[in-house]
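Chemist: Let me begin by handing over the structure; questions about it come next.
Nothing in this text is a laboratory measurement; each read-out follows from the coordinates by a stated rule. The structure presented is a predicted model; accordingly, all values stated were derived computationally and were not measured. Positions of Cβ are backbone-derived with ideal geometry, glycine not excepted, and every protein chain shown enters the neighbour counts.
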Amino acid sequence: MLERDSSQEPPSEWAGSLTPSAAEAAIARITGATPLERLIALREVVPGKIVFTTSFGIEDQAISHFILANRLKIEVATLDTGRLFPETYETWARTEEKYGVRIRSFHPDPGALSAMIHDAGVNGFYYSKEARLGCCHVRKVEPLNRALAGARGWVTGLRADQSANRASLELVSVDAERGLLKLNPLIDWTRDAALAHAQAHQVPLNWLHGEGFLSIGCAPCTRAIAPGESERAGRWWWEDDGKKECGLHHRRSAPVES
Ligand code: SF4
């Protein structure tokens, strides 16, 4: 088991905010053929807080295993929207049991949630794109902002082959607004590779994956897909604009795909 020490002195360029030169230097050092090597490199290069946000899908579970089994000093956090499947909560609990950890959860602001439901209705997301994005903002984006507050690094389970929308992903990118580096350590993995890794290490997996749910989000906004459909076809399936994301990975000044 690898032991990592995050107490090392940060590169001097990181003394203040993340400058373009500091980002460039850090990105050049974050290399590696495997996700674990990439995570270790991120931990060595980035000072301070690094957060991995998980929704307990296959890719996220593979990354959780890399972090938790190797005790990397990367915080594992999740966004509890309040509308998740029971099977997702069960996967969350089994993950905590397997690794003996508590995964930090972030929840919608009660006042904003109440106002949003009052305005749009409890299932208003079905009736307009604006209401759907509003719900995603209250339940996901704003809690994500709290999860990443003060972080210098952000790890996600995005893969380049998940959708055409994600084909241009980079291994490491800059989130200029948040002042952090974003790492996608599974960028070049396939879904099958992530599944094989998780199964080889007895990582808890969401039972819904076996019932045709490939990409799992909130229960009212996720359905199983039919053979031949794209991996993310079951997300917000009533929308047909071909770029169906929840806003977690979009920034106004530096859009980065989810
Ligand atoms: S996925 Fe659906 S229920 Fe979940 S936050 Fe977005 S609109 Fe709301």
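Chemist: By what distance, in whole Å, do the Cα atoms of the stretch 162-201 stretch along each of the three principal axes, largest value first?
Modeler: Dimensions of the stretch 162-201 along the principal axes of its Cα atoms: 37, 24, 11 Å.
Chemist: Which value in Å is the Kirkwood Rh of the chain over different Cα pairs?
Modeler: 18.9 Å
Chemist: Let me ask you something else. Under the Karplus relation 6.51 cos²θ - 1.76 cosθ + 1.60, θ = phi - 60°, what is the ordered set of whole-Hz ³J(HN,Hα) values for the stretch 167-179, x standing for Gly and Pro?
Modeler: 5, 8, 4, 10, 4, 10, 9, 9, 9, 5, 5, 8, x
Chemist: So for SER215, SER21, SER55, SER105, fewest C-beta neighbours within 10 Å to most, what's the order?
Modeler: SER21, SER105, SER215, SER55
Chemist: Cα-based count: Lys pairs in the chain below 29 Å, eight or more positions apart or different chains?
Modeler: Close lysine pairs under the 29 Å cut-off: 18.
Chemist: Could you give the length gained on full extension between GLU24 and ALA193, defined as 0.36 nm per residue of separation minus the Cα-Cα distance, in nm?
Modeler: Between GLU24 and ALA193, full extension yields an extra 57.9 nm.
Chemist: Shifting gears a bit: Identify, among LEU42, ALA120, ALA233, the residue whose Cα sits farthest towards the positive end of the charge dipole of the chain, taking +1 on the Cβ of Lys and Arg and -1 on the Cβ of Asp and Glu, with the dipole about the Cα centre.
Modeler: Of the listed residues, the answer is ALA120.
Chemist: Now a separate question. Could you list LYS140, LYS98 so that the one with the fewest beta carbons within 10 Å of its beta carbon is first and the one with the most is last?
Modeler: Least crowded to most crowded, the residues run LYS98, LYS140.
Chemist: Separate question: When a footprinting reagent is the concern and you count Cβ atoms within 10 Å, what order do HIS137, HIS65, HIS201, HIS118 take, fewest first?
Modeler: Starting with the residue having the fewest Cβ neighbours, the order is HIS118, HIS201, HIS137, HIS65.
Chemist: Using a Gaussian network model of the chain with C-alpha springs under 10 Å, which one of PRO204, PRO108, PRO220 is most mobile by mean-square fluctuation?
Modeler: So, out of PRO204, PRO108, PRO220, the one fluctuating most is PRO220.
Chemist: What is the distance, in nm, between label points placed 7 Å from the Cα along the Cα-to-Cβ direction at ARG71 and at ASP240?
Modeler: 5.5 nm
Chemist: Using the Cα centre as the reference, give the magnitude of the dipole from point charges on the C-beta atoms of the stretch 19-205 (Lys, Arg: +1; Asp, Glu: -1; all else neutral), rounded to the nearest 20 debye.
Modeler: 280 debye
Chemist: Just the number, please: percent antiparallel of the DSSP beta bridges in the stretch 19-205, rounded to the nearest 5.
Modeler: Taking every DSSP beta bridge with both residues in the stretch 19-205, the antiparallel ones total about 25 percent.
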